[in-house]
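Asks: Dropping a structure here in structure tokens format, bear with me for questions.
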Amino acid sequence: MIMTMTRRMTGRSYLLWRYDLVTAAVIFLFWSSVVNGSGVSVSPGKVEITGEVGKAKGEIIRVKNPSTDVSLFSIYPDEMEEEVRAIPSSFVLEGGAEREVMIEARPKRDGVLAGTLSVRAEALSKEVLGGAAGIKIPVRLEVTKASPYLASMALTLQKGGGWILLFVGLLVAAGICFGYGVKELKKT
């Protein structure tokens, strides 16, 4: 009984192996007759950004078209749509060409945030079979809370308050000099 089952399994395994071999040969012959397809290559393979809540920070990735065909590339976040964006998010690349893309994060909450970024390439030519390709890149944000003092200064500067800060700084410096001068006068 054991030998019979072993033979059956061996015979079945042989048939499955033979079927896989024939299928692989057919796929190889068909695949070699296909002219081209879209492709995408991205480096680095992950995006890690450390920053503060509400402040924009970015990292550069390089997107390459490894095929010989002109392709339309789209880059978009699968999660964290409100906090992560690609600049530019869509562009065309000739075959073999590459381009730098800024991945910008402006986190709205603190902590460690994780998601993926989709990079999709679609051939512009109608003759290209298998017209689209894509990959997903892991994105990790390590976000800390901004200092309230620095945040208020940054907000003042953004609203055109640079002159106010300069004036206050000059008043403080004048006060220090005046206090030092008074102290020196009292010594004499």
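The values are calculated or read from the model by the stated rules, or taken from the named source; none is laboratory data. All figures in this text were calculated on a predicted structure; none of them were measured in a lab. Cβ coordinates were reconstructed from backbone atoms using ideal geometry, including for glycine residues, and neighbour counts include every protein chain displayed.
Asks: Which one of the conditions (1) modelled with pLDDT of 90 or more; (2) part of a loop (DSSP other than H, G, I, E, B); (3) crowded, with 16+ Cβ neighbours inside 10 Å does E81 fail to meet, given that it meets all the rest?
Replies: (3)
Asks: In the list L141, L124, which residue meets the criterion of being surrounded by fewer than 17 Cβ atoms within 10 Å (Cβ to Cβ), hydrophobic (A, V, I, L, M, F, W, C) and at pLDDT below 95?
Replies: Working: L141 fails: surrounded by fewer than 17 Cβ atoms within 10 Å (Cβ to Cβ).
Among L141, L124, only L124 is surrounded by fewer than 17 Cβ atoms within 10 Å (Cβ to Cβ), hydrophobic (A, V, I, L, M, F, W, C) and at pLDDT below 95.
Asks: I need a count of the residues in region 49-77 that are assigned to a loop (DSSP other than H, G, I, E, B), of a type in the set (S, T, Y) and buried (at least 16 other Cβ atoms within 10 Å of the Cβ). Give the derivation first.
Replies: Residues of region 49-77 that are assigned to a loop (DSSP other than H, G, I, E, B), as a first pass: 53-56, 65-70.
Remaining after also requiring of a type in the set (S, T, Y): 67-68.
Then drop every residue that is not buried (at least 16 other Cβ atoms within 10 Å of the Cβ), which leaves 67.
Within region 49-77, residues that are assigned to a loop (DSSP other than H, G, I, E, B), of a type in the set (S, T, Y) and buried (at least 16 other Cβ atoms within 10 Å of the Cβ) number 1.
Asks: So in region 98-117, with the set limited to residues that are farther than 18 Å from K136 by Cα and surrounded by 14 or more Cβ atoms within 10 Å (Cβ to Cβ), which one is farthest from the chain's Cα centre (by Cα)? Working first, answer last.
Replies: First, pick out the residues of region 98-117 that are farther than 18 Å from K136 by Cα: 106-112.
So of that shortlist, the ones also surrounded by 14 or more Cβ atoms within 10 Å (Cβ to Cβ) come out as 106-107, 110.
Working: R106: 13, P107: 14, D110: 19 Å.
If we take residues in region 98-117 being farther than 18 Å from K136 by Cα and surrounded by 14 or more Cβ atoms within 10 Å (Cβ to Cβ), then D110 is farthest from the chain's Cα centre (by Cα).
Asks: Can you tell me how many residues in region 66-94 are farther than 18 Å from G115 by Cα and either among the acidic types (D, E) or touching a Gly at 6+ places or on another chain (Cβ under 6 Å) (or both)?
Replies: 5
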